[in-house]
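Worksheet for the structure shown next.
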Amino acid sequence: MTDPTLAAASDYLIWGAIIVLALALLAFSLHLALTGSGRQSRAERKVLVGAGAGTSATGEPAAPEVPEPAEEAPAPSRRWGVIGLQLTWLATFAVVAGTVLRALSVSRAPLGNMYEFALMASAFALVIYSIWSLRRDRLWLGAFVVLPVLIILGAARLWWYTEASQLMPALDNIWLVIHVTVATLSVGLFTIGAALATAYLIKDRAEARGDVRGWLAALPAGQALERMTYGIHIFAFPLWTFTLMSGAIWAEQAWGRYWGWDPKETWTFVIWVVYAAYLHARATTGWSARRSTWVAIAGFACIVLNYTVVNLLITGLHSYSGVA
Amino acid sequence: MATETPARIEPDYPKDRTKLGGGRGGGRKGSIGALGWVRWTWRQLTSMRTALALLLLLAVAAIPGSIFPQRGVDPSRVRTYLEEHPDAGPWLDKIGMFDVYASPWFASIYLLLMISLVGCILPRMRQHVQAMRAQPPRVPSRLTRMPTRAETVLDAPAQDVVAAARAELAGRRYRVRPEEDGALVVSAEKGYLKETGNLLFHLAILGVIVSVAAGHLFGWRGEIILKEGETFTTGAASFDTLSLGPLVDPDRIPVYSLRLDDLDVQFEHEAQGAQFGQPRVFAGDATVQRGDDAPETRAFAVNKPLHVAGTSVFLLGNGYAPVVTVRDTDGEILFSDAVTFLPQDNNYASEGVIKVPAASPGLGFVGGFLPTLEFVEGLGPTSSFPGLVAPALVLTAFEGDLFPEGRAQSVFSIETDSMTQLQQEDGEPLRLLLEPGDVIELPGDRGTIEMETVIRWGGLLVRHDPGRTPALVFGGLALLGLVLMLGVKRRRLFVRVTPAGPAGTGEHPGDGARHTGLTVAGLPKGTDPGLDDLVDQVLARIVSASGGRVVTDKDDT
């Protein structure tokens, strides 16, 4: 039933993806640093020129008015960002292929244990980011997405690795595919949501201080980041709701009750409530966008806890981590 | 965005209910009065801020239940915890840490949340019904204050532009406010389903809670261990354990008989590491008979419950039952039965007792069943694999009064206080190791014990939950409401057409009909990044539909 060659190939692909993602992170970070400092110096010079020549501050500095030589004022190079993006695409391909091979090696959906769950969530996060980056300029977001994915994949490979094998009977159900696929998809989305939320909080603090410098200048305006954060979460939240409900349907079939306050059920519920609170907070007068976004970050912290502490340390019916 | 322009559609309902009606002033100046207090409390409770606080509180309050063992989930782990923590345990118990989800403080949070929810959605439902019937509001006098706006000048008659705008918005399924003839404004609104979805979601959540409560009140669950070949008949007295909901009449439990024909259990033996020994197959056949119906044999398994007479039968546990026969010295059978042994670890090292009251004095065997016997240095016999590879019974024996004072006791334990342990010839406590087919003579002419074979038992859960289907339906409705609420955009679009007038009167004074001003403005509710694009698109479509040509700034100068 289990094909060790395919399983080994999957392992190589995941190791490869980890290396490529590390390089992508490097490239994206370089991109942020270079773009940020580039924008900053242009902005500073614009002020100088504006003051000197008395021209409108809205116009781009016209070439003849720039006193410095041209090479000192290049448009910020996107080269490193594009390299990072291409590396990310490559890694996305490797993670997806690794996940598929893992599935083929055991002739089932790759959702049976913690390691496979991590692969799926990483694959979803990378695919979503890659598709997004094809449609919009999202080079600035790359580092924020690649870093958490790299951490998840690295931890999965180092600590949560489980040999490819068949399912235990409690997992052998069509709802495994439905429930866990949607769970991994929403975790992928929440990961990107948390990345955006972090970017927003950092940028917003700098904006509030009136001190947007360095790589922060490479990020979009705080308000736009906040809107994107919300936009991701309103996709992820209904998916998480569905995760909760499909889990209940499955629990009814497997354990004879649809809700029993198993630790994993409890935490899924806690996560759901925290993200519901985030959506409410955004619509509540007296709650700033900053404070609301912190609630979203708390939601992601709960996801991380649910996935690590609850899986590995707390005994419950969801003890499928496969980690000895 | 620093100006005080309305950036979004202000809701029809008051967002901050705490500030309604001039604060707490219920009665005369300075005094608040009882009614004032009630009103103030109600407003506080039903305010969004309170709902949010309660939500966060609910999340925090649910956490201890995942940290401490819960009586409702696993009472034996609670007992163990109390034994291991004699200092903190009783203290934690007092504040309900082992019954978090049944504790008063948890209940008070979700009850307050429910009241807050009802208090919030009832007025909103009334408002929404009114809004659904109402026409979009008049076009504001100054569209420049709108957050999203696009304008142009085109050479088309003003009435044509208005007609094109109305047609365009109606074509986009906007509700367009009827205006008197000759009006040069269009007001349109779309996305009423957003609020409908919002209300549907919250009502459905209430429905889920009510369904769960109904399932708790009217549902019941019974557990029983059945050995292969054994039959049991449902009824209040026939389960090993039975928990009835507070409003269940035990006489109305449906009666049917169920025979466990066969149980198939397999374990992983190929993969190594943590996966080795994991269960792989867990299925069975059962013959069900109800009333005068013909018996019916059906397959069931983990994840595939049987559905009989409004109940569901789940296969939840399994283990081994060695078939043991005890004979006296004459070969007369004193005891012969399959004895249920309860698994204690993942390799199914199981514990159990064999009680032989027919012997005199009574004989009791205590020990373990090991499906795959392996001797480990220092530990003695253990099981190294949960499947039946080298099954063995490891027993010691006691002699004496099996049922002191006639007390009822568990079939899984023996009170050995009033019994004496049998000894081997060398004076050591008697230890027996039996493999299938083995017959061992007991010391001191007490007869023989034989393990004939091993069969399996299945732990069955029979459950009736009338709240199950309603909870599912309400859950589905909640999801639908959620998708509508988050997916649909509530938008108001305003169009103003400024006819070219005589010089100095219009916005674009000049040459007659050739300078008709067109402004399209949008007002979102909540975050709506797509509104800018929509306004631009609508403007472009109106321009092309009215057959006009955009007059550029260069035409003016």
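Observations
- Some residue of the stretch B:380-387 being farther than 27 Å from B:GLU270 by Cβ and out of contact with any His (no Cβ under 6 Å at 6 or more places or on another chain): yes
- Output for the stretch A:167-193, where each listed residue is part of a helix (DSSP H, G or I) and of a type outside the set (A, V, I, L, M): A:PRO169, A:TRP175, A:HIS179, A:THR181, A:THR184, A:SER186, A:GLY188, A:PHE190, A:THR191, A:GLY193
- Flag if A:ARG291 is over 30 Å from B:THR469 (Cβ atoms) and not polar (S, T, N, Q): yes
- Condition check for A:THR243: within 24 Å of the chain's Cα centre (by Cα), closer than 30 Å to B:GLY222 by Cα and facing another protein chain (nearest Cβ under 8 Å): no
- Single residue of the stretch A:162-197 satisfying the filter (of a type in the set (Gly, Ala, Ser) and more than 30 Å from A:ARG138 (Cα to Cα)) that is farthest from the other protein chains (Cβ to nearest Cβ): A:ALA164
- Test for B:GLY444: is it under 23 Å from B:ASP330 (Cβ atoms) and open to solvent by 40 Å² or more (accessible area, probe 1.4 Å): yes
- Single residue of A:VAL96, A:VAL20, A:VAL47, A:VAL100 found to be loosely packed, with under 14 Cβ neighbours inside 10 Å and either part of a helix (DSSP H, G or I) or modelled with pLDDT of 80 or more (or both): A:VAL47
- Residues of the stretch B:316-335 classified as part of a strand (DSSP E or B) and modelled with pLDDT under 90, total: 3
- All told, B:MET485 falls short of being more than 14 Å from chain A (Cβ to nearest Cβ), of a type outside the set (Val, Ile, Thr), at negative phi and open to solvent by less than 60 Å² (accessible area, probe 1.4 Å).
- Filtered residues of the stretch A:124-159 (kept if open to solvent by 10 Å² or more (accessible area, probe 1.4 Å) and either within 16 Å of A:VAL180 (Cβ to Cβ) or not in a helix (DSSP H, G or I) (or both)): A:PHE124, A:ARG136, A:ASP137, A:ARG138, A:ILE152
- B:ILE67 vs. criteria buried (at least 17 other Cβ atoms within 10 Å of the Cβ) and not hydroxyl-bearing (Ser, Thr, Tyr): no
- The residue list A:ALA236, A:ALA221, A:ALA276, A:ALA298 contains one member that is under 20 Å from the mean Cα position of the chain (by Cα) and either at positive phi or within 7 Å of chain B (Cβ to nearest Cβ) (or both), which is A:ALA276.
- Taking the numbered list (1) surrounded by 16 or more Cβ atoms within 10 Å (Cβ to Cβ); (2) within 32 Å of the chain's Cα centre (by Cα) in turn, B:TYR320 passes all entries but (2).
- The test for being without any contact (Cβ under 8 Å) to a residue 60 or more places away in the chain, of a type in the set (Gly, Ala, Ser) and away from chain A (no Cβ under 14 Å) does not hold for B:GLY96.
- Residue within the stretch A:255-271 that is more than 7 Å from chain B (Cβ to nearest Cβ) and either at pLDDT 95 or above or farther than 30 Å from B:GLY222 by Cα (or both) present: yes
- Breaking point among (1) at pLDDT 90 or above; (2) within 44 Å of the chain's Cα centre (by Cα); (3) buried (at least 18 other Cβ atoms within 10 Å of the Cβ), for B:MET114: (3)
- The strands (runs of 3 or more DSSP E) found entirely in the stretch B:219-306 that carry 1 or more residues being within 14 Å of another protein chain (Cβ to nearest Cβ) and either buried (at least 19 other Cβ atoms within 10 Å of the Cβ) or of a type in the set (Val, Ile, Thr) (or both) are B:220-227, B:241-244, B:257-267, B:279-289, B:296-301.
- Within the stretch A:301-313, the set of residues being β-branched (Val, Ile, Thr) and more than 10 Å from chain B (Cβ to nearest Cβ) comprises A:ILE303, A:VAL304, A:THR308.
- Filter result (open to solvent by less than 40 Å² (accessible area, probe 1.4 Å) and facing chain A (nearest Cβ under 7 Å)) within the stretch B:49-62: B:ALA51, B:LEU52, B:LEU55, B:LEU58, B:ALA59, B:ALA62
A quick yes/no check of all residues on (1) at pLDDT below 75; (2) part of a strand (DSSP E or B); (3) within 14 Å of another protein chain (Cβ to nearest Cβ):
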{"site": "B:ALA500", "(1), (2), (3)": "yes, no, no"}
{"site": "B:HIS508", "(1), (2), (3)": "yes, no, no"}
{"site": "B:ASP532", "(1), (2), (3)": "no, no, yes"}
{"site": "B:LEU539", "(1), (2), (3)": "no, no, no"}
{"site": "B:GLY547", "(1), (2), (3)": "no, no, no"}
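- Strands (runs of 3 or more DSSP E) contained entirely in the stretch B:366-444, each with at least 1 residues that are of a type in the set (S, T, N, Q): B:380-383, B:392-400, B:419-421
- Scan the stretch B:75-96 for residues that are in a helix (DSSP H, G or I) and surrounded by fewer than 10 Cβ atoms within 10 Å (Cβ to Cβ) and the total you get is 4.
- If you go through the stretch A:279-295 and keep only what is assigned to a helix (DSSP H, G or I) and at the interface with chain B (Cβ under 9 Å from one of its Cβ atoms), you end up with A:LEU279, A:HIS280, A:ALA281, A:ARG282, A:VAL295.
- You will find that of A:ILE232, A:ILE249, the residue that is within 28 Å of B:ARG221 (Cα to Cα) and either open to solvent by 20 Å² or more (accessible area, probe 1.4 Å) or part of a helix (DSSP H, G or I) (or both) is A:ILE249 and no other.
- Enumeration of residues in the stretch B:336-363 that are assigned to a loop (DSSP other than H, G, I, E, B), surrounded by fewer than 18 Cβ atoms within 10 Å (Cβ to Cβ) and more than 34 Å from the chain's Cα centre (by Cα): B:PRO357, B:ALA358, B:SER360, B:PRO361
- From B:VAL376, B:VAL366, B:VAL439, B:VAL394, residue being surrounded by fewer than 14 Cβ atoms within 10 Å (Cβ to Cβ), modelled with pLDDT of 90 or more and among the β-branched types (Val, Ile, Thr): B:VAL439
- Restricting attention to the stretch B:164-175, the residues that are crowded, with 17+ Cβ neighbours inside 10 Å and more than 13 Å from B:ARG491 (Cβ to Cβ) total 4.
- Meets criteria (outside any strand (DSSP E or B) and open to solvent by less than 20 Å² (accessible area, probe 1.4 Å)) for B:LEU206: no
- Take the conditions (1) over 26 Å from A:ALA7 (Cβ atoms); (2) modelled with pLDDT of 90 or more; A:VAL146 misses just one of them, which is (1).
- Tally, over the stretch A:224-233, of residues that are of a type in the set (Gly, Ala, Ser) and within 8 Å of another protein chain (Cβ to nearest Cβ): 1
The values are calculated or read from the model by the stated rules, or taken from the named source; none is laboratory data. Model, not experiment: these values are computed from the prediction. Reconstructed Cβ throughout: ideal geometry from the backbone, glycine too, with neighbour counts over all protein chains shown. Areas reflect the complete protein model, heavy atoms only, side chains present, ligands, DNA and RNA absent. Shrake-Rupley method; radii C 1.70, N 1.55, O 1.52, S 1.80 Å.
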